[in-house]
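**Student:** Sending over a structure as structure tokens; questions will come in a sec.
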Amino acid sequence: MSYNYKNDDFLLQIDDESEKTLSIVYKYDAFLDALTTTNFEHLREATRRAIHFFVSDKYQNTEQVARYTYQRSYKLRTRYTSEKDYLGHIRIKDKKSFSIDLATGTGKSWVIYAVAQIMLAEGLVDKVLVLCPSLTIEEELKKKFEEFSGDQSHIQILKELNALSFSPAIKSANDPILNNDICVENIHAAYKRTGSSIKDSFLKKGQRTLVISDEAHHIYSASESEFSSKEWFKFLTNEEYGFYYLLGLTGTPYIGDEYFHDVIYRYSLKQAMEDGIIKKIDYKVEEESHKDKGFDETYANHADMQTKYAGVLKPITIIVTDKIVRCIQVWNELVKYISEKEDLTYEQAAKKVIWVTSGIPGKKNEKAVIESILTNAEKTRKENLAALKTVDDPENPVEWIVSVSMLTEGWDVKNVFQIVPHEQRAFNSKLLISQVLGRGLRIPPGLEQPVLVKINNHEKWTDNIRNLYNEVLEIENRISWGYDDDRKQYVFPLYNLEYTTVRDVVETKGEPASEPEQIRFNPQSKQREETSTYTISGEFRFTIETKNIVTIDHAAREIKLFLKDKNKKLSKKWSIERIKNFLIENLERDGYDFSFLTKENLAFAKQAFGPMFRELGKEAPREKMQPDSLKEIKMSEMQKQSFSENALKDSGKVFYTSSSVNTLECEQKELFAGFLEDKNKLHKMGDEFLLRYGNVEHELKFLKDNLIEIEEEKFLCPFNMVFVSHNPEYLFVKSIFNHKELFESFIKSPDKGFYSFPYSYKPDEKGSTHVKRENFNPDFFLKLNDKNEILVVEIKKEGDTSQKNKAKFRDGKAHFEYLNQKLKEKNIDWKYCFYFLSPEDRTDFFQALRENRYKNWKSSLMQSLVQ
């Protein structure tokens, strides 16, 4: 059975409530109360948690804590088949090494100082080393710590508690680090051979030193700058130092998408938003179109924020890219846009926009790109970092910041009200999503909740990143479904093929193409109104001005030059006037403005002439994926599947049995059981139920329509339940249960990551000639009754005969024909039949099965898909 795991499931636990331990844990509450404000209980609790783990003598290292956690956690034992597997996800096991997860903007620096001060006060360590990824963060931490250390109320409280240290000196590695000192230093100083006291002060003194790493995700996650995460990790684990007490703090505790496995306390983004500590996230969920908007929507959002906060503060928009070179390119593009939009010179517009990175790339080609834009990039980078410190000030002219997603520099900007992930790669992992969101979460002084930060992502990415985003923010309740070991009697063997890339036979063209008769243009207009929808603020309407357009005369001349360059003889047949009239005729035919062409439509026009110039008889080699060896797919190894509460309430449907609820754990079980209880009440009480709970029939309709209970003997499936997203799939599953006598078992295959094979197709987009390769994941596998035969079924809506589906059908047929051949060669007595079905094909399909004429049977959709 698959489970949906939350970050809380990975928190380390200890069992030490001894008086000796707890007397130290709670001894410093008065100090913590003085250090933090009333509504920041999470900082006090995080500090106590760290002290609890460090002072307990019941566990000597992180491995012992992890073993205890694993043994008491059913979810961890389900997630990891062995203790060894689980321990493999903990990077530092032989020391007391732990992490604390505090959402960005919720006070990490207070916890760092509090833990350092208490460990010194209690005499558990002689000195503390605080490491951070940049000079900017180092300066900010030192300034704060000096204030904390010099606060007379703190000193008085610690003296009354008989602390061994009550006012530690705050130093950098430029000076020797003595006992009762807190050294704050950027990680680069740890690698220096000269000019740093790190080696002299800490070598062979690690057992009596606490090392705290700020922004601890950098220990494991490499960035694009010269900074190396491997060096940070090597320093912490260097046996010459022998560090024993290690603590990392971060708001983004991920290695890619995997949550840290050594976290002892977490204060999540969701909790921080609910507590009003940080801004609420207003995420884009819908766009009216996926056409390129340039900076128009971003600028309109920015202008809207300026109006909203006029006279109060200066709103800031940040744009996030995945690479440094792209960051500088986008900065240049944005400066040009603002220059044109606000009628400013380039230099004037540049004062409103800065770019922020942790370094300059060393690759020759990237340096060349940057040098074509900036004369002294490193000098500008340092100036921008200095400007970042005062960017919230009204007199600072900066309104826009372009930065990279992974940034080692400190970020304490509070006036951010819009975040724009410029590329999907800047927003496609839990680490990056957490990093990007963290840039805009701090609330400016004087503002009261709700305070929103808009995430102006491309909505077309939403399907790809929604699950990651929801998991980071813990937005949706989800229910897991998939393989259930208690139903293993319904398992049947599945075979697939390994594929290798080979050079295909060459393609030749024998005859010249005729002149183009028409051009398939995309719709065009000089401007258009669009609407985007955000999760909290709702609909936002704005105007998009079409960029990169040329007059129809210019387009005709450019096409003439294109034809002349390709073939002078053919170009003589097409005068500029003929080309112009041809363009106008095609634009008028489709009802488009014919006074101009977009650059996109100009490209389509050129492509329409392209076939005229192909070389005849020339060989064009192509690569293809060729099936190779057999491989068996294990159902028990299928990755977890899950559906959200919202998906179930929308168009999704779940087929379940009376025992399904008992396969779920904790919150999921409670959620699903609640649905079933309400469904039962609605069924029994009808109108009385609606009257008692209010007239909410439209909200409860999903209970009747989307939760379908199946009798145990009919549920011939090795899964605990089956979830489908679309109506054609729902109708097909319903038919399977209605014809159960035909099958021994069936599965609904996941959309990715379980059973797949490659296919290639030419996209439907106009003018496209290239071949795309993707993976095909068939929907259903059905084992026939009393036969070693598997029916593979892909379900589509009526009339869905796209190029992709034609290619899937073609390559799917070839795949299963070759698979059957391979199985026969290996004397494996199994056979596969492959089908494409639409809802109208269902009755004929099942009738063909009844009459045993299914092997060569073809659906109406299959007939339409034959190329």
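**Student:** Starting from the Cα of K772, step 7 Å toward the Cβ, then list every residue of the stretch 788-817 with an amide N under 13 Å from that point.
**Tutor:** Label zone hits: 802-808.
**Student:** With θ set to phi - 60° and the Karplus curve 6.51 cos²θ - 1.76 cosθ + 1.60, what are the ³J(HN,Hα) couplings of the stretch 37-52 in order, to the nearest whole Hz, using x for Gly and Pro?
**Tutor:** Karplus values, whole Hz, x for Gly and Pro: 8, 4, 7, 10, 4, 4, 5, 5, 5, 4, 5, 4, 4, 5, 4, 4.
**Student:** What does the charge count around Q207 come to, taking other residues whose C-beta lies under 11 Å from its C-beta (Lys +1, Arg +1, Asp -1, Glu -1)? Kindly include the intermediate steps, with their values, before the conclusion.
**Tutor:** Working: positive: K95, K96, K204, K205, R208; negative: D126.
Once positives and negatives cancel, what remains is +4.
**Student:** FRET efficiency for N365 and E825, Cβ-Cβ distance as r, R0 = 41 Å, nearest 0.05? Write down the numbers at each step before the final one.
**Tutor:** Working: r = 49 Å, r/R0 = 1.19.
Working from the Cβ atoms, E equals 0.25.
**Student:** Put +1 on the Cβ of every Lys and Arg and -1 on every Asp and Glu Cβ in the chain; which of I549, P627, H726 then has its Cα farthest towards the positive end of the dipole?
**Tutor:** It is P627.
**Student:** What ³J(HN,Hα) values, in whole Hz, does the Karplus curve 6.51 cos²θ - 1.76 cosθ + 1.60 give for the stretch 716-728 when θ = phi - 60°, with x put for Gly and Pro?
**Tutor:** 8, 8, x, 9, 6, 6, 10, 10, 10, 9, 10, 5, x
**Student:** Just the number, please: percent antiparallel of the DSSP beta bridges in the chain, rounded to the nearest 5. Before the final figure, lay out each step's value.
**Tutor:** Working: 48 of 106 bridges.
Around 45 percent of the beta bridges assigned by DSSP in the chain are antiparallel ones.
**Student:** Considering only protein heavy atoms, with the full assembly of protein chains and a 1.4 angstrom probe, order E794, E122, E825 by accessible area, largest first.
**Tutor:** Values: E794 5, E122 50, E825 105 Å².
Correct descending sequence by accessible area is E825, E122, E794.
**Student:** Let me ask something else about it. Give me the percent of accessible area attributable to carbon and sulfur for the stretch 783-837, probe 1.4 angstrom.
**Tutor:** 40
**Student:** While we're on this one: Per residue, how much accessible area does the chain have with a 1.4 Å probe, in Å²?
**Tutor:** Working: 40230 Å² over 867 residues.
Accessible area per residue: 46 Å².
**Student:** Let me ask something else about it. Report the extension gain between D678 and T390 in nm, rounded to one decimal, defined as 0.36 nm multiplied by the number of residues separating them, less their alpha carbon distance.
**Tutor:** Numbers: separation 288, 0.36 × 288 = 103.68 nm, distance 5.52 nm.
Using 0.36 nm per residue and subtracting the Cα-Cα distance, I get 98.2 nm.
**Student:** Under 5 Å between amide hydrogens, which residues at least 5 positions from F776 or on another chain qualify, with H placed 1.01 Å from N in the peptide plane?
**Tutor:** F757, Y759
**Student:** Moving on to the next point. Of the heavy-atom accessible surface of the stretch 129-181 (probe 1.4 angstrom), what whole percent is carbon and sulfur?
**Tutor:** Values: 1290 of 2630 Å².
Percent of accessible area from carbon and sulfur atoms in the stretch 129-181: 49.
**Student:** In whole Hz, what ³J(HN,Hα) sequence does the stretch 821-837 give by Karplus (6.51, -1.76, 1.60; θ = phi - 60°), x for Gly and Pro?
**Tutor:** 5, 5, 4, 5, 4, 8, 6, 9, 7, 9, 9, 10, 10, 10, 9, 10, 10
**Student:** For E371, what accessible surface area do you get with a 1.4 Å probe? Give it in Å², rounded to 10.
**Tutor:** Roll a 1.4 Å probe over it and E371 shows about 120 Å².
**Student:** Counting DSSP beta bridges with both partners in the stretch 768-867, what percentage is antiparallel, nearest 5? Spell out each step's value before the answer.
**Tutor:** Numbers: 4 of 11 bridges.
Approximately 35 percent, going by the DSSP bridge assignments.
**Student:** So, one more: Given [x] 324; [y] 164; [z] 227 as candidate values of volume of the Cα convex hull per residue in Å³, which corresponds to the one derived from the coordinates?
**Tutor:** Here the calculated entry is [z].
**Student:** Now for a separate question. What is the set of long-range amide H partners of L102 at a cut-off below 5 Å, with H atoms built 1.01 Å from backbone N?
**Tutor:** HN-HN under 5 Å from L102: T250, G251, Y267.
**Student:** Using Cα pairs closer than 8 Å and at least 6 residues apart in sequence, work out the relative contact order for the chain, in percent.
**Tutor:** Values: 1496 pairs, mean separation 91.3, N = 867.
Averaging sequence separation for qualifying contacts and normalising by length gives 11 percent for the chain.
**Student:** Rounded, prolate or oblate: which fits the stretch 1-88, taking a ≥ b ≥ c as square roots of the Cα gyration tensor eigenvalues, rounded meaning a/c under 1.5, else prolate when a/b beats b/c? List each step's numbers first, then the result.
**Tutor:** Details: a/c = 3.42, a/b = 1.75, b/c = 1.95.
It comes out oblate by the Cα gyration axes.
**Student:** Working out 0.36 nm times the residue gap between N785 and Q71, then minus their Cα-Cα distance, what length gain in nm do you get to one decimal? Mind dumping the intermediate values first?
**Tutor:** Numbers: separation 714, 0.36 × 714 = 257.04 nm, distance 4.23 nm.
Gain on stretching N785 to Q71: 252.8 nm.
**Student:** Another question about this same structure. Test of understanding: extend the Cα→C-beta vector of D553 to 7 Å, then name every residue of the stretch 567-583 with backbone N under 17 Å from that spot.
**Tutor:** Of the residues in the stretch 567-583, 576-583 have backbone N under 17 Å from the label point off D553.
The values are calculated or read from the model by the stated rules, or taken from the named source; none is laboratory data. Remember, predicted model here, so these are calculated numbers, not experimental data. Neighbour counts are summed over all protein chains in view; Cβ atoms, including those assigned to glycine, are modelled from backbone coordinates with ideal geometry. Note: accessible area is taken over every heavy atom of the protein model, side chains too, but ligands, DNA and RNA are not part of it. Shrake-Rupley method; radii C 1.70, N 1.55, O 1.52, S 1.80 Å.
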